[in-house]
Amino acid sequence: MRTSFDQLLEAGVHFGHLKRKWNPAMAPYIYLERNGIHIIDLNKTAVKIDEAAEALKNIVKSGRKVLFVGTKKQAQQTIAEHAQAVAMPYVTERWAGGMLTNFPTIRKAVKKMSAIDKMMTDGTFDNISKRERLQITRQREKLEKNLGSIADLNRLPSAIFVVDVKEEHIAVAEANRLGIPVFAMVDTDSNPNNIDFVIPANDDATKSISVVLDAICAAIQEGLEERKVEKADEEAAAAQEGNLEDAPAPKERRTRVRKAAAKEEDKPAAEAPVEEAPKAEEKEAE
């Protein structure tokens, strides 16, 4: 799904920040200045969206995960809706320091959440006091709020998609440290140098965030569907190969028949029975 220039324009993707707040590293993506506000070059934005979408499509097509990150108010709901639509993990609450660099500890917290769920269903709650139940329930709610959206993330993501790199600088730093590719919407007040796939865009307007995520998630969905088709083809090919292995091929059967016939021809002919010489007693009688 290619994003058109008109779609970007209508969503206000081109509106940057005030000139006095700009980051000079964003100069290549700025088209002009109007009334003290930088205007982003939407032609470059469209190209960058396509590049990012294609790269993310290939990542999910290989069975890997992409983590969406956007904790600012304008991005939270949009990020959650789009990530859920393509079954990808996301973070819309506060970024927990070490979520990537200390991933084993995060997984332990997620397992703790699962353990509490088990306690609720196996009758353990009936044997503890009301106060303890209340404490455990509150702990469960806190874990769900912060980590519920990444409960299915069993290993480090293969990429992260960030809305507002200034706001999510800790997430970007952790990803850079681990060599995880960073895809991000970068506004004119941000530094694009630590971002692998820069999408120059207004990261403060909900419409702008939504139109970019529409294109990104459409590509991810396409990659997921292609993966399903490839897996189905591989399974069918494997099943067919297994059937062929069980039954000998026609050529093999013909070869076996020829070899059996050749063996029969090579066998020596049966010797005629030899008459026994007459015994000595019989000779005397004659």
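Take the Cα of Glu234, step 7 Å toward its Cβ, do the same at Ser129, and the gap between the two points is 5.4 nm. Backbone geometry of region 135-147 corresponds, through the Karplus equation with coefficients 6.51, -1.76 and 1.60 at θ = phi - 60°, to 3J(HN,Hα) couplings of 5, 5, 5, 5, 4, 4, 5, 5, 5, 4, 5, 8, 10 Hz, x marking Gly and Pro.
Rounded to whole numbers, the Karplus 3J(HN,Hα) couplings from phi for region 51-59 are 5, 5, 4, 5, 5, 5, 4, 5, 5 Hz, using 6.51 cos²θ - 1.76 cosθ + 1.60 with θ = phi - 60°, and x at Gly and Pro. Restricting the calculation to Cα atoms, region 101-155 yields a radius of gyration followed by a Dmax of 12.2, 38 Å.
Could you grab the Rg to Rh ratio for region 1-56? Cα atoms only, Kirkwood for Rh. Walk me through the numbers before you get to the answer.
Details: Rg = 12.1 Å, Rh = 12.0 Å.
My calculation of the ratio gives 1.01.
Evaluating 6.51 cos²θ - 1.76 cosθ + 1.60 at θ = phi - 60° for every residue in region 29-42, the Karplus couplings come out as 9, 9, 7, 6, 10, 9, 6, x, 10, 7, 10, 7, 6, 5 Hz, glycine and proline recorded as x.
Remark on Thr188: its backbone amide H falls under 5 Å from those of His17, a criterion applied only to residues 5 or more positions apart or on other chains, H modelled at 1.01 Å from N.
How large is the charge dipole for region 58-180, taken about the Cα centre, if only the Cβ atoms of Lys, Arg (+1) and Asp, Glu (-1) carry charge, to the nearest 20 debye?
Working: 21 positive and 13 negative charges, 56 e Å.
With Lys and Arg at +1 and Asp and Glu at -1, about 280 debye.
State to the nearest 20 debye the size of the charge dipole of region 101-155 about its Cα centre, where the only charges are +1 on K and R beta carbons and -1 on D and E beta carbons.
Numbers: 13 positive and 7 negative charges, 49 e Å.
Using only the charged Cβ atoms, the result is roughly 240 debye.
Trp95 sits among other residues whose Cβ lies under 15 Å from its own Cβ, and their net charge, with Lys and Arg +1 and Asp and Glu -1, is +1. Estimated from the Cβ-Cβ distance and a Förster radius of 35 angstrom, the FRET efficiency linking Thr137 and Arg94 is about 0.95. Fully extending the segment from Ala151 to Asn102 would add 16.1 nm, taking 0.36 nm per residue of separation and subtracting the current Cα-Cα distance.
Here, each number is a calculation from the coordinates, and none is a lab measurement. Predicted model only: the values in this text are computed from it and were never measured. Don't worry about glycine lacking a Cβ; one is built from the backbone with ideal geometry, like all the others, and counts go over all protein chains shown.
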